[in-house]
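Below is one structure, written out as C-alpha cells, with a few remarks after it.
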Amino acid sequence: MPLLFLDYLFAALLLALIISLWRRRAPALPLPPGPRGIPLLGNALQIPKERPWLVYADWAKTYGELTHLNAFGQHLIILNTRQAARDLLEKRNAVYSGRVHMTFAGELVGWEKSVAMLEGPRHVQTRRMGQVMMSLAAVQAQYGEGMTAEAHRLLRNLLETPERWMDHYRSSAGAFIMLTTYGTVPGKERDALIEQAKHVVEHFSVAATPGNWIVDFVPFLKYLPAWVPGCGFNATGKAWRAELEHLVNSPFDGVKDMMPDRWQAKHIAPPSIVSDLLEKNPEPASEVLIRWLAGSLFAAGADTTVGALASFTLAMTKFPAAQRAAQAKLDSLVGRDRLPTFTDIDPERAPYLHALVKEVLRWGIIVPMGFPHRLSSPGEDEYLGWRIPPNTLLMPNAWAMSRDRDVYGEDVEVFRPERFLAMSKEQQTALGYGSPTFGFGGRVCLGQHVAYATLLVQIASILATFDIARPVGADGREVVPGEVGFSSGVVSHPDHFETVIRPRSKEAAELVQAANAFE
Ligand code: HEM
C-alpha cells in the first residue's frame with residue numbers, strides 16, 4: 001500500500017511538471033493593443049472624462065478593431081467597429097451580457113433590481129416578460145391612440161410657451177412612458193411622479209458614475225454607520241433608495257389595486273405593460289420582476305427620449321433643408337387641415353419621415369458609448385488572436401460606428417436623411433433603426449420600439465404644425481448655430497443652443513388648439 005501511495009505521488013508530480021512545461025511553451029495570447037499604462041494605476045489617468053468617444057475614435061486609428069485599457073486591474077476593451085461589436089456582443093451574447101457591479105448605485109441605492117443591472121436567469125426572465133414591447137407594429141396597435149393624444153398635448157405646450165421647449169419635451173417623454181407602462185392618465189399625480197422621476201434619474205447618473213464613490217472601491221465601508229467620517233455616502237444612499245422605491249412602487253401599486261382578480265382578466269385597469277404582464281403572469285413570484293421591469297423603463301427611457309428630441313431640434317435648426325423636405329412630404333401625405341396619425345406615417349407611406357428619425361438617432365447619437373457589457377464566463381475568450389480575460393468590460397463606441405464612412409458615405413457630419421433612402425432594403429434592414437444607438441445582443445434596448453414610435457409621432461406632429469427656425473440677431477441676420485458639442489454623461493444631450501419654435505401658420509395653431517379642445 002505505501003508503495004501504491006508513492007506511485008500516485010510520483011505520477012501527480014510528473015503531471016504537474018508536464019503541465020508547467022506545457023504552459024511555459026504555450027504563452028498566453030496577447031491582450032488587444034492599447035496605450036501603455038503605469039504600474040498599479042494602469043491607464044486610469046488616461047481614461048478621458050470629456051467626450052471619451054472622440055478620444056477613443058482617435059486611438060482606434062492606431063489600435064484597430066479593439067483598444068485595450070486597464071484601470072486599477074480592471075480590463076476594459078473599446079469596440080471600435082460594428083463588426084467587432086456584432087461578433088462579440090451579438091454572436092457570443094451568452095457570455096457577453098453581464099453588467100458591471102456597483103456597490104453604491106446597485107446595492108445601496110437599490111438599482112441592482114433594475115433590468116439594466118440584473119444578470120443571469122432573472123435578467124433573461126425579465127427580458128422575456130418585456131417582449132410585450134417587442135415590435136413597432138404591436139406598440140402602435142396597443143398604445144397608438146394614447147401616444148397620439150400625448151403628442152397633441154406636447155404641441156399645445158409648445159404653442160403656449162415655446163421658449164420652454166426642453167421642459168415640454170421632458171414632461172412629454174415622461175408622460176409617454178407612464179402611459180405605456182402603467183396606463184397613467186394626465187393629472188396632478190402623474191405630473192408629480194414625472195417630476196420625482198427627474199430627480200431619481202439625475203441621482204442615478206451621479207450614483208453610477210465610476211470613481212464618484214469610495215465604497216465602489218472599498219465595499220466593506222457599506223457596513224459602517226453614516227456618521228463615521230468619510231461614510232456620509234451611506235446616508236445619501238438611503239435617501240436616494242427611498243425616493244427610487246417610491247417611484248417604483250407607487251404607480252405599480254396603483255395598477256395592482258385596480259385588478260384584484262387579475263388572473264381572470266376582470267379588472268378596471270387601463271391597458272398598459274404592467275396590467276398586461278400581471279394578467280399573463282399571475283404567480284406571486286413574478287410580481288417583483290414586473291414591478292422592477294416597469295420601474296426600470298422610466299429610468300432607462302425618459303432621459304434618452306428627451307435627448308433624441310433635443311438632437312432633432314438642433315438638427316432642424318442647423319439643417320433647414322431637411323426640415324423643409326420633411327414638411328413638404330407630410331403636407332402632401334396628410335394635407336394641412338388635420339394632424340398626422342400613425343396610419344399616415346407607416347414606413348411604406350412616409351419613408352422620408354422614417355429616414356429623418358433614423359438620421360436623428362445616427363447624427364445626434366445620445367448614448368455614444370453604449371452601456372458596458374461584462375464577459376461573465378469564468379474562463380477567458382479569444383477574438384482575432386487576442387485574449388479577453390474574464391470580467392472584462394466591453395464598451396462599444398457607438399458614436400464612431402455611426403460615423404462609419406463605408407456605411408453612411410463621406411458626409412457623416414451632415415444631417416442628411418436621404419442617405420437612408422439611397423440604401424437597398426437589405427442594407428436598411430441590417431441597420432435596424434439606422435445606427436447602433438440602441439445597443440447590442442442580449443442587452444439591446446428593451447424599449448427601442450416604444451422609443452422609435454414615440455419619436456416618430458412626436459416629430460411628425462411637430463413638423464406638421466411648427467417651424468423650428470434660427471433666431472435673428474441684432475443685425476437682422478439669422479444666427480446659425482456653430483459647432484454645438486454634446487454633454488459627457490452616459491446619456492449625452494446637445495449643449496445649449498438658440499432656436500425659435502413657432503407655429504407654421506394661423507391655421508396650424510388652430511389645429512393644435514382644436515386637438516386639445518376637450519382637455
Ligand atoms: C432614443 C431613446 C433610447 C435610446 C437611444 C436607448 C438606448 C439604449 C442603450 C444603448 C441601451 C444599452 C444596450 C446595451 O447594453 O447594449 C439601452 C438599454 C435599455 N433601455 Fe433604452 N434607449 C432609449 C429609450 C428607451 C425607452 C423609451 C425605454 C423604455 C420604455 C428603454 C428601456 C431600456 C431598458 C430597460 C434597457 C436595459 C436593457 C438590459 O440591460 O437588458 N429605453 N437603451
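Cα centroids of region 312-348 and region 403-430: 20 Å apart. The helix-only estimate of mean residue ellipticity at 222 nm for the chain, built from DSSP H runs of length n ≥ 4 each weighted as -39500 (n - 2.57), is -16000 deg cm²/dmol after division by the residue total. With protein chains left intact and a 1.4 Å probe, residues in region 323-389 average 40 Å² of accessible area per residue. Of the GluC sites (Glu not before Pro) found in region 40-106, those that fall in a DSSP loop while having at most 14 other beta-carbon atoms within 10 Å are E50. Only protein atoms count toward the accessible area here, which uses a 1.4 Å probe; on the chain, the carbon and sulfur part of that area reaches 60 percent. The charge dipole of the chain, taken about its Cα centre with unit charges on the Cβ atoms of Lys, Arg (+1), Asp and Glu (-1) only, comes to about 920 debye.
Within region 26-514, antiparallel bridges make up roughly 85 percent of the DSSP beta bridges whose residues both belong there. Relative to the longest principal axis of the Cα atoms of the chain, helix 506-515 runs at roughly 70 degrees. For region 72-194, the spherically averaged projection of the C-alpha convex hull amounts to 11.8 nm². Diffusion of the chain by Stokes-Einstein, at 10 °C in a medium of 1.306 mPa s and with Rh set to the Kirkwood radius over alpha-carbon pairs, works out to 63 µm²/s. On a per residue basis, region 151-215 carries 45 Å² of accessible surface, using protein heavy atoms and a 1.4 Å probe. Here the relative contact order of the chain, from alpha carbon pairs under 8 Å that lie six or more residues apart, stands at 22 percent. For E483, neighbours were defined as the other residues whose beta-carbon sits under 13 Å from its Cβ, and their charges (Lys and Arg +1, Asp and Glu -1) total 0. In summary, the convex hull built on the alpha carbon positions of region 427-519 has an orientation-averaged projected area of 10.1 nm².
The values are calculated or read from the model by the stated rules, or taken from the named source; none is laboratory data. The structure displayed is predicted, hence computed values, not measured ones. Cβ atoms come from the backbone with ideal geometry, glycine included; neighbour counts cover every protein chain shown. For accessibility, only protein heavy atoms count, side chains too; no ligands or nucleic acids. Shrake-Rupley method; radii C 1.70, N 1.55, O 1.52, S 1.80 Å.
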